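Asker: One structure follows; several queries about it will come next.
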């Protein structure tokens, strides 16, 4: 990769990881419901899972999708359906109480979620196709590393923002409203992916 591409790559990684999307909305929801530290495995899972996705997309999934567009379409529909399901689950989740405790996503679940996250697929495919045109292993590793480094402050800020919101959620009614709004935002985040 030419040095002139480093700035645009970092800018792309920054914008794509900091803008609202399924990961960030779910991290904010988790931060609001269980706090920063209990959301840490979720945060690390997002970072590791997406970096692994970039590597695997670069290794060969891009070529597979080029030879089988139907496979890409099927994956797209499955991803969107799963996001709609998650949006409904978040929107309908009740305030934490002894019988119904909000469970943050585990490291493994968050890492695996990247494979059904349409925004994640879009980011990984774009990064690999634009910034690794020579199909270099070193460039691919550096792209994954850039995303991992940039993603750490992103997931931290979104989770911390959720934790800050929890100070206003002192009544079960406010928690229901917040979870409903976050579920709605997650659902809205799928609109640009339709089509």
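The values are calculated or read from the model by the stated rules, or taken from the named source; none is laboratory data. None of these values were measured; they are calculated from a predicted model. Note that each Cβ is placed from the backbone with ideal geometry, even for glycine, and that neighbours are counted across all protein chains shown.
Asker: Among the residues of the stretch 15-29, is any closer than 17 Å to residue 128 by Cβ and surrounded by 16 or more Cβ atoms within 10 Å (Cβ to Cβ)?
Answerer: yes
Asker: With the condition kept exactly as written, say whether any residue in the stretch 73-83 is in contact with a helix residue (DSSP H, G or I) (Cβ under 9 Å, 6 or more places away or on another chain), in contact (Cβ under 8 Å) with a residue 24 or more places away in the chain, assigned to a loop (DSSP other than H, G, I, E, B) and within 30 Å of residue 171 (Cβ to Cβ).
Answerer: No - not one qualifying residue is present in the stretch 73-83.
Asker: Restricting attention to the stretch 100-107, does a residue exist that is at pLDDT below 90, on the phi < 0 side of the Ramachandran plot, assigned to a helix (DSSP H, G or I) and out of contact with any strand residue (DSSP E or B) (no Cβ under 7 Å at 6 or more places or on another chain)?
Answerer: Checked the stretch 100-107: no residue is at pLDDT below 90, on the phi < 0 side of the Ramachandran plot, assigned to a helix (DSSP H, G or I) and out of contact with any strand residue (DSSP E or B) (no Cβ under 7 Å at 6 or more places or on another chain).
Asker: Out of the stretch 184-195, which residues are modelled with pLDDT under 80, in a helix (DSSP H, G or I) and surrounded by fewer than 21 Cβ atoms within 10 Å (Cβ to Cβ)?
Answerer: 185, 187, 188, 191, 192, 193 - these are the residues of the stretch 184-195 that are modelled with pLDDT under 80, in a helix (DSSP H, G or I) and surrounded by fewer than 21 Cβ atoms within 10 Å (Cβ to Cβ).
Asker: Can you pull out every residue in the stretch 126-150 that is touching a helix residue (DSSP H, G or I) at 6+ places or on another chain (Cβ under 6 Å) and closer than 18 Å to residue 64 by Cβ?
Answerer: Residues satisfying the conditions are 127, 128, 132, 140.
Asker: Can you say whether residue 44 is in contact (Cβ under 8 Å) with a residue 60 or more places away in the chain and more than 26 Å from residue 82 (Cα to Cα), as far as the supplied structure shows?
Answerer: No, not satisfied.
Asker: Scanning for something at pLDDT below 90, over 19 Å from residue 13 (Cα atoms) and crowded, with 17+ Cβ neighbours inside 10 Å, does the stretch 35-47 turn up at least one residue?
Answerer: no
Asker: Let me ask something else about it. Has the stretch 148-167 got any residue that is part of a loop (DSSP other than H, G, I, E, B), at negative phi and at pLDDT below 85?
Answerer: So far as the stretch 148-167 goes, no, none of its residues is part of a loop (DSSP other than H, G, I, E, B), at negative phi and at pLDDT below 85.
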